[in-house]
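The structure appears right after this line, and notes come after that.
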Amino acid sequence: MNTLQHGFQLNYGNTDVMLLFEGQPDHLVPCTSQILLDSDLFLVAGRMVGHSFLHGGPALAGISEAVVDVLFGASPDMTTITVEDCPDLERRQTIQLLDGNKDLSEEEKDAVWKLADMWDLPGVTSDNRKWLFSRLLQHAVLGRTDKQIKQFRRGLKETCIWQLLTERKDVIPLMFPRERDVEIKPQMVLDQILWPLETTNEDEDYPVETRCRIAGYLREFIATASQSSLRGLVQFWTGWEVPSSDMQLEIVQGSLPKASTCFKSLRLPGHYTNFKDFSQDLNACVATCDTGFGLV
């Protein structure tokens, strides 16, 4: 799901990262790459989103509301589209020239005419200005991504979740939330942690005082972490960016923090005597999520 959100490594000679969805947050639309479409990657993406939802995993946040509406059967002509939904900034600026009543210069008219001609639409006149603005925007956001949206829909249907989504429209925002709605709060993480018991046990690697000190460092780390660091910690701990119930904390012998994602267990060494060293090592280990599967 992180790959769907932020891109994946696919070397086609002109880029290091391929994005399945592009644009600004909360206005993401499917990429128009023919290679991605021919490779059925939007079909795969639909399956991934459906299965992640079924298993309580991360959602695909930030997708344009216009794309989500069309995905679930709304007519493109009846869908509200904003200029922010257009991921191509150059084309967005050209389309925005038609918004309002300001007189266009010859250079601006020429830019609009070239874009309209490319998409088989007429040039701008005083009578068709508003209509052309709407048609250009619709084509830039939905017309060029129609096949991608259909392929993505097929992938969702293959997860057998489609009937639920069509009959319970209130579920759709849970599967495709706004980015602002999926922020992880420190208290959300703290509430899910199973802290080490403050009891004396000869089998423990460290005494109660040490376990309490390391647990305190972790509390401080969570309370002061940025949103990206907090997401990274949860992913390092559990395997994905959603706080899970029964996130176990162990204070053990070792040199660096480790995690067993299958058991949702974070293992912190007890040798730290100051927060600075603890925070530095934990941040370094969290940064290995994409390559180390939660292990260092």
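Every read-out reported here was derived from the displayed coordinates using simple, explicitly stated rules and does not represent laboratory data. In this text the structure is predicted, and so the values were computed from the model without any measurement. Please note: Cβ atoms are built from the backbone with ideal geometry, for glycine as well, and neighbour counts cover all protein chains shown.
Think of it as helices only: each DSSP H run of n ≥ 4 in the chain is worth -39500 (n - 2.57), and spread over all residues that comes to -13000 deg cm²/dmol at 222 nm.
Evaluated on segment 83-141, the Kirkwood hydrodynamic radius is 11.2 Å, with distances taken between all distinct Cα atoms. Measuring nothing but how far apart in sequence close Cα pairs (under 8 Å, 6+ apart) lie, relative to its length, segment 83-141 scores a relative contact order of 40 percent.
Neighbour counting of Cβ atoms within 10 Å sorts the residues 288, 94, fewest neighbours leading, into 288, 94.
Near residue 252, the amide H atoms lying under 5 Å from its own belong to 268, 270; only residues 5 or more places off or on other chains count, and H is placed 1.01 Å from N. When Rg and Dmax are taken over the Cα atoms of segment 152-296, they come to 18.2, 57 Å.
The modelled label-to-label distance between residue 114 and residue 34, using points 7 Å beyond Cα along the C-beta direction, is 2.2 nm. Taking the DSSP beta bridges with both ends in segment 186-292, the antiparallel portion is around 30 percent. Ordering 1-7, 138-144 by mean Cβ neighbour count within 10 Å, with the highest value first, yields 138-144, 1-7.
Label-to-label distance, residue 89 versus residue 106, with points set 7 angstrom from Cα along the beta-carbon direction: 3.0 nm. Using the Karplus relation 6.51 cos²θ - 1.76 cosθ + 1.60 with θ = phi - 60°, the per-residue 3J(HN,Hα) values for segment 175-189 come to 7, 10, x, 6, 4, 5, 8, 10, 5, 8, 8, x, 5, 4, 6 Hz, with x marking Gly and Pro. Working from Cα pairs under 8 Å separated by at least six residues, relative contact order for the chain is 16 percent. A simple packing score, the average count of other Cβ atoms within 10 Å per residue, orders the peptides 265-272, 166-173, 250-257, 122-129 as 265-272, 250-257, 122-129, 166-173, with the highest score first.
The smallest convex shape that holds all Cα atoms of segment 1-112, its convex hull, gives 137 Å³ per residue.
Calculate the FRET efficiency for residue 147 and residue 195 from the Cβ-Cβ distance with a Förster distance of 45 Å, rounded to the nearest 0.05. Once rounded, the FRET efficiency stands at 0.35. Cross-link partners for residue 258 among the aspartates and glutamates, with Cα-Cα distance under 16 Å and sequence neighbours closer than 8 places in the same chain left out: 205, 250, 277, 281, 290.
Here the spin labels are modelled as points 7 Å beyond Cα on the Cα-Cβ line, and at residue 288 and residue 160 they lie 3.9 nm apart. Of the three principal axes defined by the Cα atoms of the chain, the extents in descending order read 84, 43, 37 Å. In terms of distances greater than 25 angstrom between alpha carbons, the cross-link table entries 150/264; 109/130; 109/147 yield 150/264; 109/147. Close amide H pairs (under 5 Å, H built 1.01 Å from N) link residue 21 with 31, residues at least 5 positions away or on another chain.
Which FRET efficiency value, to the nearest 0.05, do you get for residue 208 and residue 280 by plugging their Cβ-Cβ distance into 1/(1 + (r/R0)^6) with R0 = 22 Å? Between residue 208 and residue 280 the formula returns 0.30. DSSP assigns beta bridges within the chain; of those with both partners inside it, close to 45 percent run antiparallel.
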